[in-house]
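For reference, the structure is listed below as structure tokens.
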Amino acid sequence: MLRRFLSCFVLLLVALVALLSARANKPEGFSPASRKFSFTYDVHVPATKDAQGPLLLWVPLPQEDGYQKVEDLRIESPVNYTKGQESEYGNTYALFRPTAEQVASGFDVNVRFVVTRQEHKGS
């Protein structure tokens with residue numbers, strides 16, 4: 001009886017090791033499933049004739065990681081901007097600082113990019 005139990009236990013252990021090894025060692029040329037998305041952000045700031053003080057506009061920008069690749073990021077606007085990164089979470093953004101004339105007449109911001117997302121399965 002003990003011998004039969006040990007035989008079954010060893011057999012299950014070998015099968016488990018083989019299964020885990022197969023998951024860990026992806027075949028050569030293996031590529032996880034991926035999907036591609038195109039994004040467009042359109043922001044319209046209407047004309048504001050009696051603005052009090054400066055106007056600042058933050059627009060979030062996409063981030064890359066091990067599962068997401070960002071391509072062809074384009075920002076179009078008549079307003080000058082700088083790219084930045086906030087300190088608490090590390091998110092990136094574009095910061096627009098329009099002139100008083102641009103605030104008075106209104107302006108648009110257009111952000112476009114393509115994201116490729118890799119399949120990510122939790123274990």
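Close contacts from region 79-101, counting a first residue that is touching a residue at least 24 places away in the same chain (Cβ under 8 Å) and among the β-branched types (Val, Ile, Thr) and a second that is in a loop (DSSP other than H, G, I, E, B) and surrounded by 14 or more Cβ atoms within 10 Å (Cβ to Cβ), with Cβ to Cβ under 6 Å and a gap of 6+ residues or different chains, come to 79/98; 92/61.
When residue 34 is tested against (1) closer than 30 Å to residue 119 by Cβ; (2) loosely packed, with under 10 Cβ neighbours inside 10 Å; (3) at pLDDT 85 or above, just one condition goes unmet, and that condition is (2).
Could you grab me the full set of residues in region 60-80 that are part of a strand (DSSP E or B), at negative phi and among the charged types (D, E, K, R)?
65, 69, 71, 74, 76 - these are the residues of region 60-80 that are part of a strand (DSSP E or B), at negative phi and among the charged types (D, E, K, R).
Of the residues in region 84-92, at least one is assigned to a loop (DSSP other than H, G, I, E, B) and of a type in the set (S, T, N, Q). The residue that is farthest from residue 55 (Cα to Cα), among those in region 93-119 that are of a type in the set (S, T, N, Q) and surrounded by 15 or more Cβ atoms within 10 Å (Cβ to Cβ), is 105. Within region 45-59, being part of a loop (DSSP other than H, G, I, E, B), touching a residue at least 12 places away in the same chain (Cβ under 8 Å) and out of contact with any helix residue (DSSP H, G or I) (no Cβ under 6 Å at 6 or more places or on another chain) holds for 46, 54, 56.
The values are calculated or read from the model by the stated rules, or taken from the named source; none is laboratory data. Note that the structure is predicted; figures quoted are calculated from it, not measured. Cβ: placed from backbone, ideal geometry, glycine included. Neighbour counts: every protein chain shown.
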